[in-house]
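A short worksheet on the structure shown next.
The values are calculated or read from the model by the stated rules, or taken from the named source; none is laboratory data. As the structure is a computational prediction, the values presented were derived from the model and not from experiment. As a convention, Cβ positions derive from the backbone with ideal geometry for all residues, glycine included, and neighbour counts pool all protein chains shown. With ligands, DNA and RNA removed, areas are computed over all heavy atoms of the protein, side chains included. Shrake-Rupley method; radii C 1.70, N 1.55, O 1.52, S 1.80 Å.
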Amino acid sequence: MGRQDINRSGEMEVFVSVIERGGFSAAATVRCMTPSAVSKLVARLEARLGVRLVNRSTRRLQLTPEGCAFYERSIAILADIAEAERQASSGEDAAGRIRINTSGSFGNHVLAPLVPAFMALHPYVTLDIAHTDKVIDLMEERADVAIRAGPLKSSSLIARKLGATGKIIVASPDYLGRHGEPHTVADLRRHCRIGFSYARAIEGWPMRESGETVTIPITPGIQVADGEAMRHLALSGAGLARLAAFTVRADIEAGRLVPVLEEANPGDLEEFYAVYIGQGGPLPARVRALLDFLAGHVRL
């Protein structure tokens, strides 16, 4: 078979299905092929490329380093093909998959309510949303866009500001009924303060005391890895939590949580950014559409 006779995009589509579905049989169902045909196609692809793309076992498939690189490029190429076809047929409509990485708090309270409107505007886009409060490597996690709070550390990333939110110390009425409400900054030391288990830009709670901003160290009895877990612990009466205002606004309005020591709130703001990798060329239409939409609709 000559090079011109090879359906490279078809091979890529099948290979991507194998990886994303976790095996030949599942990919065969999606691609309307037999498992044997899928297996043979991948074997032919490996033979033509001269490398092993997946290590096979009786239970699962595992990408080799070469397979991982080929998978990444296949995803990008297939998305570019879909976008090219969409642009040729009906202008620069966004099309293809967008992988978004965001914290659980932002994902649940800000992003999720906006998804229906975005999908209505861009019906040819598919979203793949992952929640984590950890700072991730966009290349390693195959993310097109990450939503992050605070300043950027990597010069290879480009950020678009989405807004800023205040922080509020909250507790449940049940917790305050059992332990009393703190009335001074010093009172905080006798309360259970729920903290994060990962490093923060400021390790403590900034508070206003005697006209100055002081930082109250957190030596929590409870540590968590994400803001949503912290919110649920506060709702359950486990202790005090200092959270972004948008995550607890509805809970406060419903009386599930109560603001604490607002008179000592320093009014500091946490900025949120949509972050993407800057590669010197134009952004894919699907990514540009998402960034424009978020910039115009996010309200913190």
Item to check | Distance (nanometres) between label positions extended 7 Å along Cα→Cβ at residue 208 and residue 295 | outcome: 3.3 nm
Checklist entry - Could you give me the ³J(HN,Hα) list for the stretch 19-34, computed from phi with Karplus coefficients 6.51, -1.76, 1.60 and θ = phi - 60°, whole Hz, x at Gly and Pro? => result 5, 6, 8, x, x, 5, 5, 5, 5, 4, 4, 5, 8, 6, 10, 8
Checklist entry - Between 214, 51, 135, which gets the highest mean-square fluctuation from a Gaussian network model of the chain, Cα cutoff 10 Å? => result 51
Next on the checklist: Classify the stretch 188-272 from the C-alpha gyration tensor, please: rounded if a/c falls under 1.5, else prolate or oblate depending on whether a/b exceeds b/c.
Outcome noted: rounded
Item to check | Estimated FRET transfer efficiency (residue 174, residue 124; beta-carbon r; R0 41 Å; 0.05) | outcome: 0.30
Checklist entry - Protein chains only, probe 1.4 Å: how do 71, 276, 124 rank by accessible area, largest first? => result 124, 276, 71
Next on the checklist: With every protein chain left in place and a probe of 1.4 Å, what is the accessible surface of residue 33, to the nearest 10 Å²?
Outcome noted: 60 Å²
Item to check | Among [x] 1.26; [y] 1.02; [z] 1.37, the entry that matches Cα Rg over 2.2 N^0.38 Å as calculated here | outcome: [x]
Next on the checklist: As a test question: what accessible area, to the nearest 10 Å², does residue 210 have when a 1.4 Å probe is rolled over all protein chains in place?
Outcome noted: 120 Å²
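Taking all protein chains together and a probe of 1.4 Å, list 192, 32 from the most accessible to the least accessible.
Ranked list, largest accessible area first: 32, 192.
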Checklist outcome for this item: Note to self, the chain gives a 222 nm [θ] from helices alone (DSSP H runs n ≥ 4, -39500 (n - 2.57) apiece, / all residues, nearest 500) of -11500 deg cm²/dmol
Item to check | Positive dipole terminus of the chain, leading residue within 177, 53, 130 (C-beta point charges) | outcome: 53
Checklist entry - At a 1.4 Å probe, what is the % contribution of carbon and sulfur to the accessible area of the chain? => result 51 percent
Item to check | Given charges at beta-carbon only (K, R positive; D, E negative), |dipole| of the chain in Debye | outcome: 940 debye
Checklist entry - Any idea how many Lys pairs in the chain come in under 24 angstrom at the alpha carbon, given 8 or more places apart or on separate chains? => result 5
Checklist entry - Taking amide H positions as placed 1.01 Å from N in the peptide plane, with prolines and chain starts having none, which residues 5 or more places from residue 98, or on another chain, fall under 5 Å of its amide H? => result 126, 127, 128
Checklist entry - Label residue 263 and residue 60 with points 7 Å out from Cα along Cα→Cβ: what is the distance between them in nm? => result 5.6 nm
Checklist outcome for this item: In order over the stretch 247-260: 3J(HN,Hα) from phi, Karplus 6.51/-1.76/1.60, θ = phi - 60°, whole Hz, x for each Gly or Pro, gives 7, 10, 4, 5, 5, 5, 4, 8, x, 6, 10, 10, x, 10
Item to check | Mean accessible surface per residue for the chain, computed with a 1.4 Å probe while every protein chain stays in place, in Å² | outcome: 53 Å²
